[in-house]
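Below is one structure, written out as structure tokens, with a few remarks after it.
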Amino acid sequence: MYAQMIKSTGQGVKSLDEMEPEERAFQERIDAGGKIEPKDWMPEGYRKNLIRQIGQHAHSEIVGQLPEGNWITRAPTLERKAILLAKVQDEAGHGLYLYCAAETLGVTRDDLTRDLLSGKMKYSSIFNYPTLTWADMGAVGWLVDGAAIMNQVPLQRTSYGPYARAMVRICKEESFHQRQGFDIMMKMANGTEAQHKMAQDALNRFWFPSLMMFGPSDAESVHSAQSMAWKIKMNTNDELRQKFVDQTAPQAAYLGLTIPDDTLKLNEETGHYTFAEPDWEEFFDVLKGNGPCNTERLEARNKAWDEGRWVREGLIAHAEKKRSRKMAAE
Amino acid sequence: MSQPLFEYLCRMGDNALVLGHRVSEWCGVAPVLEEDIALANVALDLIGQTQLWLGLAAEVEGKGRDADNLAFHRDVWDFRNLLLVEQPNGDFGRTMMRQFLFDGWHLAQLQALMDSSNDQIAAIAEKSAKEVTYHLERSSDTVIGLGDGTEESHRRMQSAVDRLWPYVGEMFLSDDVDQEMMAHGIAPDPASLRAGYDTLVADVLAAATLKRPEDDFAHKGGKTGVRHTEHLGHMLTQMQWLQRSYPDATW
């Protein structure tokens with residue numbers, strides 16, 4: 001997902017009886033569906049875990065601008081250009097809300113940015129794949145935003161108030177993003193032979209990377225168990241992946257496109273699709289920095305940051321001059 | 001009358017199209033997140049204005065073309081934008097200086113067009129002027145902030161205004177198309193906007209501690225389409241590539 005492989009305390013979930021009174025009250029509040037707010041007491045592990053998760057999500061929005069930004073100057077009509085630009089702008093906005101949510105936990109946006117640029121903090125693996133044709137703008141909206149929504153809709157009920165509220169706004173926009181992606185796919189799939197070919201090619205390349213977005217199976221993971229107890233993770237990776245496949249397979253059929261998985265089949269009894277696992281070795285390679293575009297993505301972010309330094313410094317210097325002139329006048 | 005009007009509408013539309021495209025090139029790589037968002041806003045407004053101006057141009061022309069045909073299927077010599085807006089982005093300072101120099105003229109132009117004898121033009125101008133008021137406010141503030149910032153930001157902004165100034169004069173030149181528009185009360189005399197523009201630029205540059213270049217030499221040939229810069233062709237190569245590679249497709 002936009003936040004993948006987030007580690008928690010690693011110590012397993014404590015029972016209520018093992019907790020000190022403060023922590024017990026905290027956990028009971030979460031269990032009862034209450035929200036934790038920035039000034040409330042919280043365990044250090046909860047705070048750190050949330051910073052990692054929200055930070056990674058924010059970084060994903062920021063880096064996620066790049067693969068789609070890659071097509072803004074080549075968008076085929078004025079309307080498509082405007083829609084794509086608006087979508088990428090929304091992503092910058094999501095990054096902003098999420099950095100603000102993370103800041104309520106005692107970390108600054110600049111700290112998080114430094115950790116992204118140095119490679120210490122990650123962003124979603126999906127954004128390390130290239131966008132090669134216009135149909136990829138459709139596939140990203142349909143599959144990538146579709147997968148993100150699976151995770152983000154339940155996160156609107158997450159225990160941390162600022163995160164849950166940011167997610168409410170984000171989800172509204174994400175569903176528009178997914179629809180515009182599907183709309184591009186419809187045009188492409190039902191268009192000329194070349195367009196149909198682009199659509200199929202985009203699905204071929206984005207299918208397994210989209211399944212990887214949910215992360216490897218975490219049914220046995222102590223990190224996931226703790227995050228779920230804290231309600232900062234609402235479902236297991238496998239549950240969400242299944243839901244995604246169940247939703248997407250009929251859509252692909254409707255488009256007249258073939259999901260690149262010969263084993264994909266509807267199980268009439270369960271009502272769920274069976275499907276092939278993605279290549280997890282590739283997933284771990286991407287996380288390690290060996291995806292097709294990891295180097296370009298980080299280079300692009302670093303370049304923007306380095307070349308923007310004089311602008312940030314200039315505007316700060318001006319604001320300080322203005323302040324001191326105002327004070328001198330008073 | 002329809003040909004000069006078509007030309008005139010293409011001038012308005014192409015300015016918005018070309019500058020909107022240039023600004024959209026910043027997507028995802030601005031100096032700070034808030035600037036990414038603000039630049040996207042400006043680009044979106046300009047693309048929206050393009051749809052209105054070129055849409056009306058196509059209607060006036062009456063040959064069955066639409067705004068997309070005009071944007072994606074004309075070559076360099078048919079473009080009617082000012083040379084200023086096709087200038088490459090350069091650094092963020094040059095992008096914002098170009099924006100300011102254009103916005104100052106653009107707002108005055110739109111305000112004058114709000115009194116146009118052509119109701120459709122007046123309506124587009126009114127809608128656009130609201131957006132451009134914000135563009136000018138923001139580009140002025142940024143020029144002032146960076147001009148009056150650090151030594152480096154000051155130096156870069158001075159170099160930006162020096163570099164772009166030769167493209168300012170074209171905005172105030174007139175030709176037969178302008179004469180025709182004036183005669184029908186459709187559009188203002190371009191020269192009539194100069195005094196207000198000079199005052200605005202003088203005020204903003206003073207607040208930015210920047211010097212107005214002394215030489216008012218003006219390159220021309222953009223709005224007439226006679227001689228664009230080499231940059232426009234490269235921009236169109238990228239912008240029009242999909243439409244031209246797959247002419248039988250709809251998107």
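Using only Cα positions of chain A, each an equal point scatterer, no hydration layer, compute I(q)/I(0) via Debye at q = 0.09 Å⁻¹ and quote the log10 values to two decimals.
-0.52
Using the Karplus curve 6.51 cos²θ - 1.76 cosθ + 1.60 with θ = phi - 60°, work out ³J(HN,Hα) for each residue of region B:62-77 in order, rounded to whole Hz, and write x for Gly and Pro.
Using θ = phi - 60°, the values come out as x, 10, x, 8, 10, 4, 5, 4, 5, 6, 9, 10, 9, 9, 3, 5 Hz.
Averaged across orientations, what area in nm² does the convex hull of the alpha carbons in region B:1-45 project?
3.0
Tell me the Rg and the Dmax, in Å, that the Cα atoms of region B:139-251 produce.
For region B:139-251, the Cα radius of gyration and maximum Cα-Cα distance read 18.8, 54 Å.
Show that you can apply the helix-only estimate: for the protein assembly as shown, add -39,500 (n - 2.57) for every DSSP H stretch of four or more residues, divide by all residues, and state [θ] at 222 nm to the nearest 500. Don't jump to the answer; show the numbers that get you there.
Working: 24 runs with 368 residues, N = 581.
It lands at -21000 deg cm²/dmol.
Using only the alpha-carbon atoms of region B:142-197 as identical scatterers, what base-10 log of I(q)/I(0) does the Debye formula give at q = 0.13, 0.19, 0.20, 0.21 Å⁻¹?
-0.51, -0.73, -0.76, -0.79
P(r) for region A:85-149, please, calculated from all Cα pair distances in 10 Å bins and given in %.
So the P(r) values, bin by bin, are 17, 43, 32, 8, 0.
Could you compute the FRET efficiency for A:TRP280 and A:ARG179, with r as their C-beta to C-beta distance and R0 at 25 Å, rounded to 0.05?
So, using R0 = 25 Å, E works out to roughly 0.20.
Residue by residue through region A:104-118, what is 3J(HN,Hα) from phi via Karplus (6.51 cos²θ - 1.76 cosθ + 1.60, θ = phi - 60°)? Round to whole Hz and write x for glycine and proline.
5, 9, x, 10, 9, 4, 5, 4, 5, 4, 4, 5, 5, 5, 7
Would you please give the residues with an amide H less than 5 Å from that of A:TYR273, counting only those at least 5 places away or on a separate chain, with H modeled from the backbone geometry?
A:ASP246, A:ASN267
Let's test this: bin the Cα-Cα distances of region B:1-124 at 10 Å from zero up to the farthest pair and state each bin's percent.
13, 44, 32, 11, 1
What pairs in A:LYS81/B:LYS130; A:LYS14/A:LYS231; B:LYS130/B:LYS211; A:LYS39/A:LYS231; A:LYS87/A:LYS187 have C-alpha atoms more than 24 Å from each other?
Result: B:LYS130/B:LYS211 exceed 24 Å.
Long-range amide H contacts for A:TYR160: which residues qualify at under 5 Å (H placed 1.01 Å from N, peptide plane, sequence gap of 5 or more or a different chain)?
Distant-sequence amide H within range of A:TYR160: A:ILE36.
Express the Stokes-Einstein translational diffusion coefficient of the protein assembly as shown in µm² s⁻¹, to the nearest whole number, given a Kirkwood radius over alpha-carbon pairs, 25 °C and a viscosity of 0.890 mPa s.
94
Helix B:119-147 against the longest principal axis of chain B: what's the angle in degrees, Cα atoms only, rounded to the nearest 10?
Taking the Cα atoms of chain B, the angle to B:119-147 is about 20 degrees.
With charges only on Cβ, +1 for K and R and -1 for D and E, what is the dipole size of the protein assembly as shown about its Cα centre, in debye, rounded to 20?
The dipole magnitude comes to about 740 debye.
Given region B:2-245 reduced to its alpha-carbon atoms as identical point scatterers, what log10 I(q)/I(0) does the Debye formula return at q = 0.09, 0.10, 0.17 Å⁻¹?
-0.36, -0.44, -1.35
Given axes a ≥ b ≥ c from the Cα gyration tensor, I'd like to know whether region A:102-182 is rounded (a/c under 1.5), prolate (a/b larger than b/c) or oblate.
On the way: a/c = 2.85, a/b = 1.27, b/c = 2.24.
Because a/c hits 1.5 or more and a/b fails to exceed b/c, region A:102-182 counts as oblate.
With N denoting the number of residues in region B:21-88, provide Rg(C-alpha) divided by 2.2 N^0.38 Å, to two decimal places. Before the final figure, lay out the partial values.
Working: Rg = 14.3 Å, N = 68, 2.2 N^0.38 = 10.9 Å.
Rounded to two decimals, the normalised Rg is 1.31.
Spelling out what I want: for every residue of region A:218-223, take phi, set θ = phi - 60°, compute 6.51 cos²θ - 1.76 cosθ + 1.60 (Karplus), and round to whole Hz; glycine and proline get x.
10, 4, 9, 7, 5, 4
Values in this text are rule-based calculations from the coordinates and carry no lab data. Please read all numbers here as calculations on a predicted model, not as lab measurements. In this analysis, Cβ positions are derived from the backbone assuming ideal geometry, glycine residues included, and neighbour counts consider all displayed protein chains.
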